[in-house]
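Chemist: Take this structure first; my questions come after.
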Amino acid sequence: MAHNPGFLKLVNEAKSRVKETDIQGYKKMMAGGPKAGLIDVREDNEWAAGHAAGAMHLGKGVIERDIETRIPDKNTRLVLYCGGGFRSALSADALQQMGYADVISLDGGWRAYQQSGLPVEK
């Protein structure tokens, strides 16, 4: 998908402030140490078509409104994913501004997750 320059500028600025991991880093993270909460920030129709097993759905349009109710502990490690890693970076940036201390954007997003062979749900 071709993205508009203004959107890409916004995403690149957010990516300069947030932690990212690729799918291999995510697998290593989940294999050892405390588990991370996995949050799908895609749209409702994208979620309904399929999502990572065990993920929580908090779409980009509502995550800032609902995150404190769903995950009140701001020290919880959170891994956010979208289609490819752009919306999740924007959402991770917003959560950091809200005081969440350990937020990570999954670079490659849903496409990378599906290709990895990790479990999915519909």
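The values are calculated or read from the model by the stated rules, or taken from the named source; none is laboratory data. All values derive from a computational prediction rather than experimental measurement. Note that we place each Cβ from the backbone using ideal geometry, even for glycine, and neighbour counts take in every protein chain shown. Note: areas computed on protein heavy atoms with side chains; ligands, DNA, RNA excluded. Shrake-Rupley method; radii C 1.70, N 1.55, O 1.52, S 1.80 Å.
Chemist: In deg cm²/dmol and to the nearest 500, what is the mean residue ellipticity at 222 nm of the chain if only DSSP H runs of at least 4 residues count, each as -39500 (n - 2.57), divided by the residue total? The partial results should precede the final answer.
Modeler: On the way: 6 runs with 54 residues, N = 122.
Using -39500 (n - 2.57) per qualifying helix, the result is -12500 deg cm²/dmol.
Chemist: With θ taken as phi - 60° and the coefficients 6.51, -1.76 and 1.60, list the Karplus ³J(HN,Hα) couplings across segment 48-63 in order, rounded to whole Hz; mark glycine and proline as x.
Modeler: 4, 6, x, 7, 5, 4, x, 6, 9, 9, 9, x, 3, x, 10, 4
Chemist: Cross-link partners among lysines for K35, C-alpha distance below 30 Å, same-chain residues fewer than 8 apart left out?
Modeler: By straight Cα distance, K35 reaches K15, K19, K27, K60, K74, K122.
Chemist: Of the candidates G59, G37, G99, which one comes out as most mobile in a Gaussian network treatment of the chain with C-alpha springs shorter than 10 Å?
Modeler: Highest fluctuation among the options: G99.
Chemist: Compute the accessible area per residue over segment 1-92, keeping the other protein chains in place, probe 1.4 Å, unit Å².
Modeler: The answer is 54 Å² per residue.
Chemist: Using the 2.2 N^0.38 Å rule of thumb for compact globular proteins, work out how segment 14-122 stacks up: its C-alpha Rg over that value, please.
Modeler: Here the answer is 0.95, to two decimals.
Chemist: Could you work out what % of the accessible surface of the chain is carbon and sulfur, using a 1.4 angstrom probe and leaving DNA, RNA and ligands out of the count?
Modeler: 51 percent
Chemist: Which value in nm describes the separation of the simple spin-label points at R70 and M30, placed 7 Å from the Cα toward the beta carbon?
Modeler: Each label point is offset 7 Å from its Cα along the Cβ direction, giving 1.7 nm.
Chemist: Continuing with the same structure: With +1 on each Lys and Arg Cβ and -1 on each Asp and Glu Cβ, and nothing else charged, work out how big the dipole of the chain is about its Cα centre, in Debye to the nearest 20.
Modeler: The calculation lands at about 240 debye.
Chemist: For the chain, what proportion of DSSP beta bridges, expressed in % and rounded to the nearest 5, is antiparallel? The partial results should precede the final answer.
Modeler: Values: 2 of 14 bridges.
Counting only bridges with both partners in the chain, antiparallel ones make up about 15 percent.
Chemist: Considering only Q97, G84, M29, whose Cα is most displaced toward the positive end of the charge dipole of the chain, charges sitting on Cβ of Lys, Arg (+1) and Asp, Glu (-1)?
Modeler: Value computed over the given set: M29.
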